[in-house]
1. In region 263-275, what residues are aliphatic (A, V, I, L, M) and within 25 Å of F233 (Cα to Cα)?
2. Could you tell me which residue of region 28-48 is farthest from the chain's Cα centre (by Cα), considering only residues that are small (G, A, S) and surrounded by 12 or more Cβ atoms within 10 Å (Cβ to Cβ)?
3. What residue, among those in region 206-224 that are touching a residue at least 60 places away in the same chain (Cβ under 8 Å) and surrounded by 22 or more Cβ atoms within 10 Å (Cβ to Cβ), is nearest to L105 (Cα to Cα)?
4. Which residue is nearest to K163 (Cα to Cα), if the candidates are limited to region 96-130 and must be open to solvent by 20 Å² or more (accessible area, probe 1.4 Å) and β-branched (V, I, T)?
5. Of everything in region 283-330, what is within 30 Å of M24 (Cα to Cα) and assigned to a helix (DSSP H, G or I)? Give them in sequence order.
6. Hey, any hits in region 275-282 for a residue that's open to solvent by less than 20 Å² (accessible area, probe 1.4 Å), outside any helix (DSSP H, G or I) and touching a helix residue (DSSP H, G or I) at 6+ places or on another chain (Cβ under 9 Å)?
7. I'm checking my understanding of the structure. Among residues of region 283-309 that are of a type outside the set (A, V, I, L, M) and in contact with a Phe, Trp or Tyr (Cβ under 9 Å, 6 or more places away or on another chain), which one is surrounded by the fewest Cβ atoms within 10 Å (Cβ to Cβ)?
8. Mind counting the residues in region 15-27 that are open to solvent by 60 Å² or more (accessible area, probe 1.4 Å) and either within 14 Å of T290 (Cβ to Cβ) or touching a Ser or Thr at 6+ places or on another chain (Cβ under 9 Å) (or both)?
Amino acid sequence: MQKTPRFHLRIGSKKDRCPACGRMTFKPYRDATDGRDMTDGSGRCDREMKCGYHKTPDKTMTPLVTPAHHHAHRLAPEPPPPPPVYIPHAANEWMMTNAHHAGFLTNLINHVAHRWNADDVWTTASKYRLGAIPPDASFGAYGHALTLPFIDVDGRVHSVMVKTFDHRNHTTGQNWIHKILMGAGIRRDWLMPYDRQPTKTRCLFGEHLIIGNTAPIAIVEAPKTAIICDWYFRELGFVWLAAGAKSWLKPDRCHALVGRRVILFPDTSADGATFADWTNKATEIRRRITDHVTISDMMERYATPEMKSTGADIADILMTMDWRLFRTTTGTDDKPNDHEPENRLEPV
């Protein structure tokens, strides 16, 4: 009988934060019985000279046993996963050229309680690469819907969330652009391979904004909230990103934040479960990504029980307030748009 080692260092380029030196140079041992990484700190730091951390797994664990005779069946090595498929830039540019159809954006100019200046709306739309689905019958109820692309620091479009809103900019529906295109009978070479991959979104919404920007990073749950906070809190100098959903805040989606200063702003919940969940996420991100992670309890302290029962977020509160109250100085660009546009709105 030939003994096969039960534990081996993780294979590949992915590395975690070293428990000794804190650098992203640590590879944990992996248990061959279930293919999972060890969580007891056993592993090795690649900085052998400057750190030298190396902890082996518990030797009392029983090793795997494999018959040594020539009839033994050898397990074939797992094939490498196929490379991820991204949404072509041309597809997102098509949506951006239709941004003037987005009901969410025109609502900010014409229908919300404290209307935004039109130029500021289109500047924000360009900043986050927002777009829209045109009012074509083939797209059904998603005509005028807002498109929200998840673009990473390398400029790759991982996915495009599609949302519909009422006149008060409350969300009424959600889908994904690849599903809408396929449902409309549109055929593109990238659509089927893209749809078949199990994981499509591997970054944060707005992640492309941190390139060359050293400002602190604020993360909220919904892309809509990030957009509104970016406008109301623009003088704070934060870069506002969004996880996309409560459960999407994971270290695997935060690799671009290594070494950055991060503040989390969770939504509310009736029982405080959301705040507790993101507090745990903050601990995990702090361990694997960056030491500089804090979590804001502003909404937990400010929100009323009624707000918490509906899962209110910062955007729900901000949109009831005049954004000019958040400006230390005002200029011509800070005047609300108090008249209806004469022609169709066009993005800059």
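1. Step one: of region 263-275, the residues aliphatic (A, V, I, L, M) are 263-264, 270, 273.
Correct list: I263, L264.
2. Within region 28-48, the first condition is being small (G, A, S), and the residues that meet it are 32, 35, 41-43.
Going one step further and asking which of them are surrounded by 12 or more Cβ atoms within 10 Å (Cβ to Cβ), we end up with 32, 41-43.
Numbers: A32: 32, G41: 28, S42: 30, G43: 29 Å.
Among residues in region 28-48 that are small (G, A, S) and surrounded by 12 or more Cβ atoms within 10 Å (Cβ to Cβ), the one farthest from the chain's Cα centre (by Cα) is A32.
3. Taking region 206-224 as the starting set, the residues that turn out to be touching a residue at least 60 places away in the same chain (Cβ under 8 Å) are 206, 208-209, 220-224.
Okay, now just the ones that are also surrounded by 22 or more Cβ atoms within 10 Å (Cβ to Cβ), so 206, 208, 220-224.
Working: G206: 17, H208: 21, V220: 20, E221: 20, A222: 16, P223: 13, K224: 11 Å.
Here the residue is K224.
4. So, considering only residues that are open to solvent by 20 Å² or more (accessible area, probe 1.4 Å) and β-branched (V, I, T), the one nearest to K163 (Cα to Cα) is T106.
5. In the first step, residues of region 283-330 are kept if they are within 30 Å of M24 (Cα to Cα); the result is 283-297.
T283, E284, I285, R286, R287, R288 - these are the residues of region 283-330 that are within 30 Å of M24 (Cα to Cα) and assigned to a helix (DSSP H, G or I).
6. Here is the first cut: in region 275-282, the ones open to solvent by less than 20 Å² (accessible area, probe 1.4 Å) are 278, 282.
Narrowing the set further to residues that are outside any helix (DSSP H, G or I) leaves none.
The answer is no; no qualifying residue exists.
7. Here is the first cut: in region 283-309, the ones of a type outside the set (A, V, I, L, M) are 283-284, 286-288, 290-292, 294, 296-297, 300-302, 304-306, 308-309.
Filter again for in contact with a Phe, Trp or Tyr (Cβ under 9 Å, 6 or more places away or on another chain), leaving 296-297, 300.
On the way: S296: 16, D297: 13, E300: 15.
Going through the qualifying residues, I end up with D297.
8. Number satisfying all stated conditions: 2.
The values are calculated or read from the model by the stated rules, or taken from the named source; none is laboratory data. Bear in mind that the values here come from a model prediction, so they are computed numbers and not experimental data. Every residue, glycine among them, receives a Cβ derived from its backbone with ideal geometry; neighbour counts consider all protein chains shown. The protein model used for the area step is the full one, side chains on, heavy atoms only, and it has no ligands, DNA or RNA in it. Shrake-Rupley method; radii C 1.70, N 1.55, O 1.52, S 1.80 Å.
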